[in-house]
1. For residues that are touching a residue at least 24 places away in the same chain (Cβ under 8 Å) and under 15 Å from the mean Cα position of the chain (by Cα), tally how many sit in region 158-175.
2. Having 1 or more residues that are acidic (Asp, Glu) is the bar; report the strands (runs of 3 or more DSSP E) wholly within region 23-66 that clear it.
3. Take the residues in region 261-280 that are in a loop (DSSP other than H, G, I, E, B) and touching a residue at least 60 places away in the same chain (Cβ under 8 Å); name whichever of them is nearest to Glu41 (Cα to Cα).
4. Identify all residues within region 162-180 that are surrounded by fewer than 18 Cβ atoms within 10 Å (Cβ to Cβ) and either part of a helix (DSSP H, G or I) or among the hydroxyl-bearing types (Ser, Thr, Tyr) (or both); write none if there are none.
5. Checking Cys151 against (1) of a type outside the set (A, V, I, L, M); (2) surrounded by fewer than 24 Cβ atoms within 10 Å (Cβ to Cβ); (3) touching a residue at least 12 places away in the same chain (Cβ under 8 Å); (4) assigned to a loop (DSSP other than H, G, I, E, B): exactly one of these is not met. Which one?
6. Residues of region 215-231 being closer than 17 Å to Leu271 by Cα and of a type outside the set (Lys, Arg), which ones?
7. For residues in region 305-326 being part of a loop (DSSP other than H, G, I, E, B) and touching a Pro at 6+ places or on another chain (Cβ under 9 Å), which is surrounded by the fewest Cβ atoms within 10 Å (Cβ to Cβ)?
8. Cβ-Cβ under 6 Å, sequence separation 6+ or interchain: first residue in region 179-200 and basic (Lys, Arg), partner at pLDDT 95 or above. Which pairs?
Amino acid sequence: MAEQDHAWSWSADELEDVPQCPVCDAGDSRAVYDTLRDHLEDVPGAWPMRICLNCESLYLARRPTIASIGKAYSSYYTHADSQAAYADDNGQSLLWRWSNGYMNSRFGATRMPAARRGRWIMSMIPPLRQQLDFFYRHLPHGPGRLLDVGCGNGVFLLRARDAGWNVEGLEPDPAAAAAGRRSGLDIADGTLDGFAPQGSFDAITASHVIEHVHHPRRFLEQIFALLRPDGQVWLATPNAHSLGRRWYGPYWRGLEPPRHMTVLSPKALVLLLQRAGFDDIQLLRRGRGSSYILRSSAETMRHEGVRKMTLSPLLVDALASLRASWSEECVVRAYRRS
């Protein structure tokens, strides 16, 4: 956990009350946590969180304004070299050879070393197959134009480019965007507000971004406007109904106040996409992938002096391979139909 000494606090004009759910605008809610703290970056503040009784999402009842939220990100972003990070996402083991064989067949990648039989072997192991599908964000097989919103240093863009996609990124942190551009990537500074690309996209992805925005419905409407007919959006975001959130409560890594202002339920995510105009909305099974968030949550709980049995990532991964709503993340794909 971060151990930073902040010499500042929030002034009254840097905070705003949220009287209704930012997802569905309902006013009926109840308190879940009264004084959440930031266990990751140690940003000052005690943050009240409520649950909407209509869409079942969690949201901060008091949060930083758009003008002040940047103060909560002082050391948050990844500025590491994206080519090095991309190379680290590979290996020489037999499992990696099978995995690369599957990803080359499924997504049109050119990963090496690869064993062709991996396309069949990994297909028969659902938790691992679903993890690899998540790794490539369930992209269709075939080239097109892709935008990654909140792309960081561009590791996923390198992955998609290897699979034949014409890739672009959008990133609010200038240093992270610069790190990606050093790898030859086309990354624009900023957010969807004011973003005006030349032409539209076949696919837009946003991994763990929507929980950071003040207006999630507007965020999805902006994505909808940038897609071509039959284009797809792919989103991943912490799951308000996950087993980890229920088990670890205020210590769950997915809460992360005040940067995560809205933690969506699967129901709310579908509702948001429908209201933004999307069709064919599919909640996708995550499979293997809960280890980081559960272990980070357990570490926070122990750091706070709470003695409680930890939740097994193997159990959660097995359940997440059977039902999307049991995952630590909501993962969804939807389309802009003609």
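The values are calculated or read from the model by the stated rules, or taken from the named source; none is laboratory data. Treat the numbers as computed from the prediction; the structure is a model and nothing was measured. Note that we place each Cβ from the backbone using ideal geometry, even for glycine, and neighbour counts take in every protein chain shown.
1. Total meeting the criteria: 1.
2. Numbers: elements: 29-36, 47-52, 58-60, 62-64.
Because the criterion is at least 1 residues that are acidic (Asp, Glu), the strands (runs of 3 or more DSSP E) in region 23-66 that meet it are 29-36.
3. Met261
4. Correct list: Pro174, Ala175, Ala178.
5. (2)
6. Start the filter on region 215-231 by keeping residues that are closer than 17 Å to Leu271 by Cα, which leaves 215-224.
Passing the criteria: His215, Pro216, Phe219, Leu220, Glu221, Gln222, Ile223, Phe224.
7. Leu322
8. What qualifies is Arg181/Ile187.
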